[in-house]
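Report on the structure given below.
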Amino acid sequence: MHLKQNNIINQLSHLVLTMSIFILFSLLIVSLPSLGTAAPCGGSCRDLNDCDGQLICINGKCKDDPDVGTHICGRACRPSGYLTCAGETKPTYTCSPPVTWSTSAILTLNDFSAGGDGGGPSECDNSYHDNNERVVALSTGWYDGGSRCWRMIRIRVSNGRSTTAKVVDECDSRHGCDAEHAYQNACDNNIVDGSHAVWKALGLNEDLGRVPITWSMA
């Protein structure tokens, strides 16, 4: 009788221990940022290395750095001016919408090769890129002064497909209508400008020109 009771007690002890380990592991997964993935605005952090771009860790959350004066997490991104190009007047921006785990954007098509419609060489390396490379340019606010150069992002579209691409350039939301910008107007502040390879990987028809997407750091 005592042996049977001891077996039951041992089984219960093992069950309690297993449940405790599972609960502790679950809490760690929820509370800590993903390894290798920088947290966006409002994401959990332990120090500034856990936060994306120029964000810093304040009270366990990734926020704007008050000393630098960034406004990456600000809700409103207002025009900084206006630019008229070929009879079209558009607002210019120094900011973009806040980056989240799934940031809404517009995918556009760009030719990153020499002589292509992208204008000058890519900002990150002052070089041109083959259209077979999965590379992108980000609007000025998301480009964040080059802090995302060479980093990989994941792009998702409504057809269920996704792909990764490397950030190599800025889609300038402040300037345009000159040789450097292929005489095009300034970019909108919510653009992911992708190469032909990016569009192909997503199974998109290039004739569409502009496609709603979501993106995140890969």
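The values are calculated or read from the model by the stated rules, or taken from the named source; none is laboratory data. Here the structure is a predicted model, which is why all the values come from computation and not from measurement. With ideal geometry, Cβ positions are generated from the backbone for all residues, glycine too; neighbour counts draw on all protein chains shown.
Odds and ends about this structure:
- Residue match in region 92-111 (condition: at pLDDT below 85 and surrounded by 12 or more Cβ atoms within 10 Å (Cβ to Cβ)): no
- Scope region 119-162; condition farther than 16 Å from PRO212 by Cα and aliphatic (A, V, I, L, M); matching residues: VAL135, MET152
- Scoring MET152 on the criteria (1) under 23 Å from THR100 (Cα atoms); (2) of a type outside the set (Gly, Ala, Ser); (3) surrounded by 14 or more Cβ atoms within 10 Å (Cβ to Cβ) leaves a single failure, condition (3).
- In region 50-83, the residues that are modelled with pLDDT under 80 and among the β-branched types (Val, Ile, Thr): VAL68, THR70, ILE72
- Contacts under 6 angstrom Cβ, first residue in region 112-127 being in contact (Cβ under 8 Å) with a residue 24 or more places away in the chain and assigned by TED's automatic domain parsing to the domain that holds CYS177, partner surrounded by 12 or more Cβ atoms within 10 Å (Cβ to Cβ) and among the basic types (Lys, Arg), 6 or more apart: none
- Members of region 90-124 that are more than 21 Å from the chain's Cα centre (by Cα) and under 21 Å from THR164 (Cβ atoms): SER113
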